[in-house]
Amino acid sequence: MPRPRKASDEDVFAAAVRVMQRVGPGDFTLDAIAREAGVTAGALVQRFGSKRALQVRLAEGAAAGMPSILDEIRARHTSPLAALREYAVCMAELAPSPEAFVRSLAYLLEDLTDPDLRIQLERQQRGTRVALEKMIRDAVAAGELTRDANAAALARVIEALLAGSLLTWAIHRSGSAAAWLRRDLDSVIEPYRRPVRRKTKVTAV
């Protein structure tokens, strides 16, 4: 009978994410991941082969799981625009502090320079854009946005906006990243908002 593993792959990936949230790429080691997961570094080598292989597996999981995460966000809201705003808040979790955002940027550089990691990053972003397009179409159908809102074009703008908004927040450091991103998102959506029609009361004569 094979001996049961002390930690599942999901446990190891969760531990890796926690380590990434605390340290930059230079200190992101198999030893650090192993200590966080409660296993040995040797066990991780046997299971994944190397730190890079573990990172690729982690990136694959993030890319595969993104659509379901966005579906869950959408399911929590009757308002599609409220779901869009929650997505902006989720993006802001990359920057709980300016220092944490610097670490996120350092990992992003690794993702962009490693071909295998970049492929998974692109896959993740494609899934995100598809989900954003659906939210925008839902907002049009719900009467929250005007019918001239081009879902594909607006989703692309929102994707670029939120990434750039994180960077400008880290430069200006005014308020929280979540508030900064929500404000920028609202500015982009505002021209397409449909005015709310107020019901007029009919008084009996």
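Taking the mean number of other Cβ atoms within 10 Å as a proxy for protection, how do you rank 81-88, 180-187 from highest to lowest? Please list the in-between numbers first.
On the way: 81-88: 20.9, 180-187: 18.0.
The peptides rank, most packed first, as 81-88, 180-187.
About the Cα centre, and with charges only on the beta carbon of Lys, Arg (+1) and Asp, Glu (-1), how big is the dipole of the stretch 4-99? Nearest 20 debye, please. Don't jump to the answer; show the numbers that get you there.
Details: 12 positive and 12 negative charges, 40 e Å.
Using Cβ point charges on Lys, Arg, Asp and Glu, the stretch 4-99 gives about 200 debye.
Please state the shape class of the stretch 43-106: rounded when a/c is under 1.5, otherwise prolate if a/b exceeds b/c and oblate if not, all from the C-alpha gyration tensor.
Working: a/c = 4.29, a/b = 1.65, b/c = 2.60.
Cα axes put the stretch 43-106 in the oblate bin.
Skipping prolines and chain starts, which residues have an amide H placed within reach, meaning under 5 Å, of the one on residue 94, given they are 5 or more residues away or on another chain?
When sequence neighbours closer than 5 places are left aside, there are no close amide H contacts.
Out of every Cα pair in the chain, what percent are spaced more than 32 Å from each other? Write out the running numbers ahead of the final one.
Numbers: 6145 of 20910 pairs.
Counting every Cα pair in the chain, those more than 32 Å apart make up 29 percent.
Figure the gain on full extension for residue 125 and residue 62 (residue separation times 0.36 nm, minus the Cα-Cα span) and round it to one decimal in nm. Provide the component values of the computation, followed by the final result.
Numbers: separation 63, 0.36 × 63 = 22.68 nm, distance 1.04 nm.
Here the segment from residue 125 to residue 62 would lengthen by 21.6 nm.
Zone of residue 79 (label point 7 Å along Cα→Cβ, backbone N under 15 Å): which residues in the stretch 142-177?
In the stretch 142-177, the label zone of residue 79 (backbone N under 15 Å from the point 7 Å along Cα→Cβ) covers 142-146.
Can you grab the distance from the C-alpha centre of the stretch 40-61 to the C-alpha centre of the stretch 62-116, Å, no decimals?
23
Check which residues have an amide H placed less than 5 Å from residue 145's amide H, if you skip close sequence neighbours.
140, 194
With a ≥ b ≥ c the root eigenvalues of the C-alpha gyration tensor of the stretch 142-193, is it rounded (a/c under 1.5), prolate (a/b larger than b/c) or oblate? Provide the component values of the computation, followed by the final result.
Values: a/c = 3.71, a/b = 2.03, b/c = 1.83.
Since a/c reaches 1.5 and a/b is larger than b/c, the shape of the stretch 142-193 is classed as prolate.
State to the nearest 20 debye the size of the charge dipole of the stretch 7-49 about its Cα centre, where the only charges are +1 on K and R beta carbons and -1 on D and E beta carbons. Intermediate values should be presented prior to the final figure.
On the way: 4 positive and 6 negative charges, 16 e Å.
Charge dipole, the stretch 7-49, about its Cα centre: 80 debye, nearest 20.
When only Cα pairs under 8 Å and 6 or more residues apart are kept, what is the percent relative contact order across the chain?
On the way: 178 pairs, mean separation 42.0, N = 205.
Computed value for the chain: 20 percent relative contact order.
Just to check I understand the Karplus step: with θ = phi - 60° and J = 6.51 cos²θ - 1.76 cosθ + 1.60, what whole-Hz values come out for the stretch 95-104, glycine and proline as x?
9, x, 8, x, 5, 5, 5, 4, 5, 4
Sum -39500 (n - 2.57) across every DSSP H segment of at least 4 residues in the chain, then divide by the residue count to get the 222 nm mean residue ellipticity, nearest 500. Don't jump to the answer; show the numbers that get you there.
Details: 9 runs with 146 residues, N = 205.
That comes out to -23500 deg cm²/dmol.
Using 7 Å Cα-to-Cβ label points, what is the residue 116/residue 14 separation (nm, one decimal)?
Going from the residue 116 label point to the residue 14 one covers 2.5 nm.
Would you mind calculating the gained length between residue 183 and residue 157 on full extension (0.36 nm times residue separation, minus the Cα-Cα distance), in nm to one decimal? Walk me through the intermediate numbers first.
Details: separation 26, 0.36 × 26 = 9.36 nm, distance 1.47 nm.
Between residue 183 and residue 157, full extension yields an extra 7.9 nm.
If I model a spin label at residue 194 and residue 53 as a point 7 Å from the Cα along the Cα→Cβ vector, what separation in nanometres do I get?
Modelled inter-label distance: 5.4 nm.
When Lys and Arg each count +1 and Asp and Glu each count -1, what net charge do the other residues less than 12 Å away from residue 103, Cβ to Cβ, add up to? Can you show the working numbers first?
On the way: positive: 22; negative: 27, 99, 110.
Overall, the nearby charge balance is -2.
FYI, it's all coordinate maths here, none of it is from the lab. The structure presented is a predicted model; accordingly, all values stated were derived computationally and were not measured. Heads up, the Cβs are rebuilt from the backbone with ideal geometry, glycines too, and the neighbour counts pull from every protein chain shown.
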